[in-house]
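The values are calculated or read from the model by the stated rules, or taken from the named source; none is laboratory data. Model, not experiment: these values are computed from the prediction. Cβ sites come from the backbone with ideal geometry, for glycine too, and all protein chains shown count toward neighbours.
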């Protein structure tokens with residue numbers, strides 16, 4: 001026998017890319033793989049809780065004169081900032097395209113920069129701010145922080161709840177009331193505390209309108225108009241979602257009852273057709 005010819009070795013296939021290992025991105029940005037998407041959903045809950053915690057922290061800072069409570073607010077501020085920083089760094093580590101993710105996550109970067117707990121002290125000690133009034137600068141910084149955190153919390157709500165569902169609409173409505181109530185307490189002299197501002201926001205967004213608190217400045221009225229346009233619309237959709245939920249329950253019960261009647265009719269028909 002002649003020598004056995006060895007079959008030519010087939011070229012080795014290149015190792016699968018990270019995207020090939022994770023599968024095609026369905027409905028996700030190109031930089032987001034399966035693992036990053038799962039991690040993003042897991043991190044939305046602590047991010048949402050951190051965003052909501054900003055409201056009681058502002059209430060403590062505005063109302064409390066106790067050194068102990070101010071220390072608690074200081075520590076919570078660092079924890080909130082740490083959660084936002086941790087979420088951004090983790091996602092930056094596991095996404096496919098860090099530059100694309102950073103462009104998409106610009107709001108997280110704004111929060112990390114302007115929510116840095118030591119930033120007010122740094123601004124107060126900066127020589128540049130000696131040329132301007134420190135009070136308005138810090139107020140603007142606080143408004144920017146509230147607006148950025150409120151927007152980020154809205155994104156987290158969309159990640160936690162099904163968009164358009166009852167839970168999503170209820171969480172968004174509460175979030176709007178908390179956010180606008182905190183903002184109105186900062187910009188409106190007629191609203192003395194954040195608690196009063198949140199009370200005014202809930203009264204306004206539910207169209208109750210007691211009239212015990214009313215904005216008097218132009219900025220305060222602009223905030224009120226924004227809450228009326230956005231918040232009242234969400235309450236209307238929330239009411240429709242609640243009604244639709246009960247209608248679906250009634251339809252499900254009615255369907256089950258009709259099914260039982262069909263089964264009963266089938267039994268009666270079988271009895272009538274049975275030979276005697």
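One table, with the values for the structure above:
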item	result
Residues (modelled with pLDDT under 55 and surrounded by 11 or more Cβ atoms within 10 Å (Cβ to Cβ)) located in segment 21-37	21, 22, 25
Residue within segment 83-90 that is touching a residue at least 60 places away in the same chain (Cβ under 8 Å), on the phi < 0 side of the Ramachandran plot and either crowded, with 17+ Cβ neighbours inside 10 Å or in contact with a strand residue (DSSP E or B) (Cβ under 7 Å, 6 or more places away or on another chain) (or both) present	yes
Enumeration of residues in segment 216-226 that are touching a residue at least 24 places away in the same chain (Cβ under 8 Å) and closer than 22 Å to residue 141 by Cβ	217, 219, 220, 223, 226
Among (1) free of Cβ contacts under 8 Å to residues at least 24 places away in the same chain; (2) closer than 30 Å to residue 62 by Cβ; (3) touching a helix residue (DSSP H, G or I) at 6+ places or on another chain (Cβ under 9 Å); (4) part of a helix (DSSP H, G or I) - the single one residue 229 does not satisfy	(3)
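Residues checked against (1) without any contact (Cβ under 8 Å) to a residue 60 or more places away in the chain; (2) surrounded by fewer than 22 Cβ atoms within 10 Å (Cβ to Cβ); (3) farther than 17 Å from residue 150 by Cα; (4) not assigned by TED's automatic domain parsing to the domain that holds residue 56:
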site: 177; (1), (2), (3), (4): yes, no, no, yes
site: 183; (1), (2), (3), (4): yes, no, no, yes
site: 187; (1), (2), (3), (4): yes, yes, no, yes
site: 203; (1), (2), (3), (4): yes, yes, yes, yes
site: 214; (1), (2), (3), (4): yes, yes, yes, yes
site: 233; (1), (2), (3), (4): yes, yes, yes, yes
site: 237; (1), (2), (3), (4): no, yes, yes, yes
